[in-house]
Every structure is written in structure tokens, then in C-alpha cells.
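See structure below.
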Amino acid sequence: MALYGVPVLILKEGTSRTHGREALRANIMAARVLSEILKTSLGPRGLDKMLVDSFGDITVTNDGAAIVKEMEVQHPAAKLLVEAAKAVDAEVGDGTTSVVVLSGALLERAEQLLDQGIHPTVIIEGYKAALNKALEILDEIAIKLKIGDLDKEEDRNIAKQELKKALHTALASKYIATPDVLDRLMDMILEAAFTAAEKRPDGTYDVKLDMIKIEKKRGGSLADSMLIQGIVLDKEVVHPAMPRRVENAKIALLDTPLEIEKPDITAKINITSPEQIRSFLEEEAKILRDMVEKISSVGANVVICQKGIDDVAQHYLAKKGIMAVRRVKRSDMEKLEKATGGRIVTSVRDLTERDLGSCELVEERRVGNDKMVFVERCKNPKAATILLRGANDMLLDEVERSINDGLHTIRNLLRDPKVVPGGGAVEIELAMRLRKWAESVGGREQLAVMAFADAIEEIPQVLAQTAGMDVLETIMELRKLHAEGKQAAGIDVVNSKVIDDITKINVLEPVAVKKQILKSATETATTILKIDDVIAAAPKKE
Ligand code: ADP
């Protein structure tokens, strides 16, 4: 037939295709490279990465989430790991480095099994079975924290002490702070979380994280940071003649400029006499005066505006004794809406008394060299702001990330108040119990369960490494202690030694985070193991 010898094109020219084992190996390799990069950042003695983006902006951090967000990962399999890290971050707000390291370890062990001629499907099944067993074991060994009724002073103090243990672990790994500063930061996180906590019918608490604002102000030192019951705006009152302090504030939240809007199209107005100019300007002033009149007539004594406020409008507002702040961020407007019980209005004409938010005090105060506006004791008492002070932006950003981790930890624990010992203790215990259980699984899947157990031990191995300890010796010692029934034996990374009971130095992690890490890492590894064909379109030419 005439068709013989004519190539049949199914894929676009330039499309690359890797197939079968070759594709799988390339994917595993890519994922492992990413995990190798992140390994050195794990735990309290993890090193920082300096990341430079395409604009030349620099981030220095050892927070896994921040690292993977800034790294522009190209390889599709490595991207899956990045997605996993982001998913864990979104779900529990912590554990990002661990999930990448664990995914890498699971894939590394899978590769060894592939070399022994075990089919990917068997490995996937084995890993899934091991995951389910691991989750079961976690429930068995979890320690319950005493969280009583947060409305009662006494229970609150007990809960604080309990939660601080886990908070310590979440914060200590992120930056070097002196113990007293760390303690202050922990108190602020706890107070903020308690403020934003809502009781659920089952007695647990739901921390509304969107009610907590973190505001950074360069200058001073970390020790000058403070917690405010309410919202702090990094803005000044617009006009010197306005009040700086308003009690029993009635706040108009505007998403419209108090200015004469310029027409979108160019318009030409022919003016022929000075009277016309005057009446034109008077007309403009009247429009602004009417706006202010309207605001005042509904009873507002504070205006918080997302857009600009014209000089003339400022003057009229000042005359009425109304305090005004302009160009406030949308996210702040939304927080204010929730905190003050007001409603953001897009047209002054529509403003009514019911749209006004309220709080006991709005005040402009000096913070360092700048002024900020404090909206305090709001109608909805669940709003809180953590105002961070510090020497430079990089430090402030890193502290903000830690505070966020801390807030997430507390949210996770108030939802599910159970912790497991950290410092590698829980991993060694899991690995030990999984190996024992594997015997009952039998067949080739047993090998996959064993591989899963080995992969989990990678976490304590890396911790030992960052602590400068002998890895093999440390793991052997830990295994021995766990075999003797010391469930909480782990690595005191800061002092580079193995201890019988890691909970004594308060290295505890929410069980929810550990579960999420295991789930996401297994999911990522099995997703990659299922791929046997990579068909990539040629990159688009710029
Ligand atoms: P991730 O981004 O995964 O949360 P981290 O850098 O926060 O990673 O490190 C978390 C790991 O470090 C956990 O396994 C935790 O148990 C361990 N860890 C944290 N603090 C300590 C400590 N003081 N001593 C020993 N291990 C710790």
C-alpha cells in the first residue's frame, strides 16, 4: 500500500516522551533531589536557604513551605512534591519539610524494590496498607492534652501550660530567640488564638485564624512586640485637625473615594467667565460637603476608607470632628468588617446607620517613628492583632512565618488536643511497630511495608545528622530504647544527645500534623510510582 513508509504523527513535533522504567526512574530522581535539598533544613538545627527570585528579592529561611514556594521547580515529578508540601501547609500549616523528606525517602526505598523486580502496584498497595496501620498506631500512642473550658480562668491557665509544650517545638526550630522573648511570643500567640476561638458543640474549639492579624513594623526589637485586642492599621489619621482618639466609635467602612471622580473619557469644558470657574469649584466642594454631611447624618464618627480622601473632604470631615483614615488594604477592610460588625459600602449615598461598625476605642498612637491606628475592643471580641517589632524586614518576615506556624499548631491542637513525642521518637516507634506488623502481612507486600518503616526512620536520621551525631549509632540506640518500651525516647537535637523521654524537654507535635505528613507523603510517592509514561510538549518559544 502507498501508506507504507509514511510516518504517522500523533504527537506534535518536538514533544518528548520517556517511557516505562526510564520515566519512573527519572521522576524518582527528580523527587529525591528536591528532598535532598530540603533535608538540611529539618528541625531546630536545620540550616537556612537563601533564595533569590527573578526580581532579585532575597528570602532567607528554613521554613519548608517558604522554600518550596520560592523555588521555581521545573520537573513535573518534583512539582508534585511541592504541591504536597503546599497542601500540608494549607491543611495544618506545618510539617512541610518533613513531607518532602518523607516522600523522597519513600521513593528511594521504592526504587530499591523495583531493582529487586517488584512491580510498582505491589509497592503502592504495600505503602497504602502501611499508612493505614501507621495512622492506627499514632492514635494508640497519642497523648491527650488537658484543654478544659477556655472561658474559665483556671482551665485557661492549665490549657496554656499544656499548649506551650507543643508550641515550643513549632517555634524553636525557626529562628534563634532568647528564651524570654520566645516565651513572650508564645503568650501572644496563645492569647490571640484564645481570643479568636469559638466553642464547638463537642467541646473542642475552632480558632478563626482569619480574625487574627499579624502586622509588622520595622524598628525596636522583638521584645517590643505586642498583642492588641482588635485591629491595628499601618496608617495615620489623614488631617491634623481631626481627633486622634474616638471613644464609642461608630465606623463607616467605605470602598469608594471621597473625591470628585475624574471622568473616564477626556471631556472638554469651555469656561468663558471667572464666575463660571467659581461656580464650578463650588459645585465640586458641594458634592464633597454633601458626602460628608451624609456620613455625619447617619452618626459615623470614624471613616475608614479603602480609597483616597480629597483635601477638601478631609477639611469638612475635620470640621465635623470625624476621624478618617484612607487607602486601607482590602484584607484589612474585610477584617474590620468582621471585627466591628459593620458593612463595607461602595457608595456614600447608600450608607445607613445599620452599615456602621462599632468599637469602644479608635486611637492613633506612635509606634517607633511612625503612627498607627488602633481599633480596639470591637463589637465582635474575636479579633486580635499581633504587632511585631524587629530590626529588619528579613527577620520580621521569618518571625511572621513562625507566628503563623504557632497559630496553626494551636488551631490544630484546640481542634484535636492530642500530641505525639517529636525529636524522631514517634518515627522510631512507628517503624518498630510497623516492622512487627509486617510479619503478619506476608508476601511481597511485606517488603513494601518494611520499606515504608525504613523510610519513616529517615526523619530521625536527618535530625541526628543536623545535630552532628553519628547517624547509625543514634538510630541503633533509639531502637534499643524503644524495644525496651521507652516510647518517647528521642533526639535532643539542640544538645546533640539521645534522651529517654523527649516530652521532658517539651518536644511535642500535634498528632494531626504527623498524620497529615504521612498521608500526603504516601499519596505523593504512590502518585509518582503510578506514572509510567511522561509525554511532554516542547516548551513554548518566547
Ligand atoms: P517542618 O517544616 O516539617 O515542620 P521543622 O523544621 O519544623 O520541619 O522540623 C520539625 C522536626 O523537628 C520534627 O520532627 C520535630 O520533632 C523536630 N524537632 C523540633 N524541635 C526539636 C527539638 N528541640 N529537639 C528535637 N527535635 C525537634
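Readers should treat all values here as calculations from the given coordinates under stated rules, not as data from a laboratory. From a predicted model like this one, the values you see are computed outputs, not experimental measurements. In this analysis, Cβ positions are derived from the backbone assuming ideal geometry, glycine residues included, and neighbour counts consider all displayed protein chains.
Radius of gyration over Kirkwood radius for region 66-223, both on Cα atoms: the Rg/Rh ratio is 1.05.
So, counting K/R as plus one and D/E as minus one, what does the shell of residues with Cβ under 12 Å around Lys39 add up to?
Net charge in that neighbourhood comes out at -1.
Charge tally around Met323: other residues with Cβ under 14 Å, Lys/Arg +1 each, Asp/Glu -1 each, net +4. For region 326-445, the calculated P(r) over all alpha carbon pairs, in 10 Å bins from 0 to the bin holding the longest distance, is 10, 22, 26, 16, 11, 9, 6, 1 percent. Seen from Gln306, the other residues with C-beta closer than 12 Å to its C-beta sum to a net charge of +2, counting Lys and Arg as +1 and Asp and Glu as -1.
The value of relative contact order for the chain, using C-alpha pairs under 8 Å at least six residues apart, is 25 percent. Across region 230-380, the relative contact order, built from alpha-carbon pairs under 8 Å that are at least six residues apart, equals 40 percent.
Each of Ser496, Ser358, Ser98 has some number of other Cβ atoms within 10 Å of its Cβ, and from fewest to most they run Ser496, Ser358, Ser98. Note on the chain: antiparallel DSSP beta bridges, both residues inside, total approximately 70 percent of the bridges counted. Judged by the ratio a/c of the largest to the smallest principal axis of the C-alpha gyration tensor, region 1-135 counts as oblate, that ratio being 1.5 or greater while a/b is no larger than b/c. Distance between the C-alpha centres of region 155-215 and region 235-265: 35 Å, rounded to the whole angstrom. For a straight C-alpha distance cut-off of 21 angstrom, the lysines reachable from Lys371 (same-chain residues fewer than eight places away being disregarded) are Lys213, Lys216, Lys217, Lys235, Lys307, Lys329, Lys335.
For the chain, the residue among Ala483, Met432, Leu388 whose Cα projects farthest onto the positive side of the dipole built from Cβ charges is Leu388.
Taking the DSSP bridge list for region 230-380 and keeping only pairs wholly inside it, about 65 percent are antiparallel. Spatially, region 353-373 and region 274-321 are offset by 21 Å when compared through their Cα centroids. Dividing the summed helix terms, -39500 (n - 2.57) for each DSSP H run of n ≥ 4, by the number of residues in the chain produces a 222 nm estimate of -16000 deg cm²/dmol to the nearest 500. Normalised radius of gyration (Cα atoms, divided by 2.2 N^0.38 Å) for region 32-80: 1.14. A simple charge model with +1 on the Cβ of Lys and Arg, -1 on the Cβ of Asp and Glu and nothing else charged puts the dipole of region 230-380 at about 360 debye relative to its Cα centre.
Sort Lys250, Lys540, Lys294 so the one with the fewest other Cβ atoms within 10 Å of its own Cβ comes first.
Values: Lys250 19, Lys540 5, Lys294 16.
Fewest-to-most ranking of Lys250, Lys540, Lys294: Lys540, Lys294, Lys250.
Taking a straight Cα-Cα cut-off under 19 Å and skipping sequence neighbours fewer than 8 places away in the same chain, the lysines within cross-link reach of Lys504 are Lys144, Lys146, Lys160, Lys164, Lys165, Lys418, Lys486. The Cα atoms of the chain cover 96, 86, 43 Å along the three principal axes, with the biggest extent listed first. Among Met242, Met291, Met476, Met71, the ranking by other beta carbons within 10 Å of each residue's beta carbon, starting with the fewest, stands as Met476, Met71, Met242, Met291. Computed over region 230-380, the alpha-carbon pair-distance distribution with 5 angstrom bins reads 2, 10, 19, 22, 19, 11, 7, 5, 3, 2, 0, 0, each value a whole percent.
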